[in-house]
1. Considering 255, 259, which residue is modelled with pLDDT of 95 or more and more than 30 Å from residue 168 (Cβ to Cβ)?
2. Identify the single condition in (1) surrounded by fewer than 24 Cβ atoms within 10 Å (Cβ to Cβ); (2) within 16 Å of ligand 2 (Cβ to nearest atom) that residue 89 does not satisfy, given that it satisfies every other one.
3. Kindly provide the set of residues from segment 199-228 that are within 8 Å of ligand 2 (Cβ to nearest atom) and over 24 Å from residue 172 (Cα atoms), ordered by number.
4. Tell me, which residue of segment 234-263 that is touching a Ser or Thr at 6+ places or on another chain (Cβ under 6 Å) and more than 15 Å from ligand 2 (Cβ to nearest atom) is nearest to residue 140 (Cα to Cα)?
5. Being free of Cβ contacts under 8 Å to residues at least 40 places away in the same chain and assigned to a loop (DSSP other than H, G, I, E, B) is the filter; apply it to segment 116-130 and report the residue that is nearest to residue 246 (Cα to Cα).
Amino acid sequence: MTRSIAIFGCGTIATEIARAIADGTISAGLDVVYDRHPEQIAEIQDQFDDRSQPVAATDPDDLLEADLIVEAAGQTAVEEIATDALEAGCDCLLLSIGALADETLREGVFDAARTSEGRLYAPSGAIAGLDSIKAAALTGELESVSLTTTKPPAGLEGAPYVVDNDIDLSEIDEPTMIFEGSATDAAAAFPSNINVAVALSLVSIGPDETAVKIIADPDEENNVHRISADGGSGDIETTVRNVPSPTNPKTSYLAAVSAIEKLRSLETSIDIGT
Ligand SMILES: NC(=O)C1=CN([C@@H]2O[C@H](COP(=O)(O)OP(=O)(O)OC[C@H]3O[C@@H](n4cnc5c(N)ncnc54)[C@H](O)[C@@H]3O)[C@@H](O)[C@H]2O)C=CC1
Ligand SMILES: O=C([O-])CC(=O)C(=O)O
């Protein structure tokens, strides 16, 4: 039977996922979509012919009819949908995994996943190396895990940390470290920029122990994520120089493709890679 998918949040990532469903890259049906902006919903619907257009939900609860809900909206959406979805037996794929830096929310969502038929998924997103770091974590001997993210200043605009600390990104004329702290603190400070740090932390040493640096670099055109994980099976270092999405410079194109690959892999009988 074809898996029925619902999408919460119809922006940059959702548009790519919808296209992959429409062209058959993901062999599932997109049945219902939700966004606080109806015009965003219409853009997704327009990718399908009249007979296969997803229904526009007017309330997040309308998504619970699907087999799997993709959250591609933001951290508040995770609060709104994840626990309810899992408790209702839906699978849930979260892009805004940074929301789970909050321990109370995390435990609630994890408990719902453990005690229901719904399964919780998060793609690797815009980083590389989660496969090997997840395997190395099994040794119980990972000593340190860190992420250094470098973005063009425009990709950091509007982040609560930037606003609260009156950081004028337009004044930055050389690579400048604007944040250093744990993945827990980074997720609250840069909710739309650093979900990757929390994904990394959840497969390794946890959000409080994972170290994050964020650098604004006016000469950088890419979203660059450098990971270093030491101990266990050896030392792992990865760097991804991501092309930003044309419609949202905060979001790397790889994040959308990673979600598509995760959804595709749920439907295949051959699964290579950790
Ligand atoms: N895990 C990863 O590697 C990455 C995760 N992300 C996460 O994915 C999210 C989506 O990314 P994009 O598609 O680029 O963002 P976007 O800004 O292009 O689209 C988000 C859409 O969700 C809607 N939305 C947001 N909050 C909502 C709410 N509470 N209720 C209803 N609608 C809501 C917005 O109206 C917008 O249409 C980001 O906010 C970020 O949290 C983004 C990049 C990488
Ligand atoms: O897309 C990226 O480069 C990373 C990102 O925004 C996030 O993790 O929220």
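The values are calculated or read from the model by the stated rules, or taken from the named source; none is laboratory data. This structure is a prediction, so every number in the text was calculated from the model and none was measured. For neighbour counting, all protein chains shown are included, and Cβ atoms are generated from backbone atoms with ideal geometry for every residue, glycine included.
1. That would be 259, the only listed residue that is modelled with pLDDT of 95 or more and more than 30 Å from residue 168 (Cβ to Cβ).
2. (2)
3. 199, the sole residue that qualifies.
4. Across segment 234-263, the extreme among qualifying residues is 236.
5. 119
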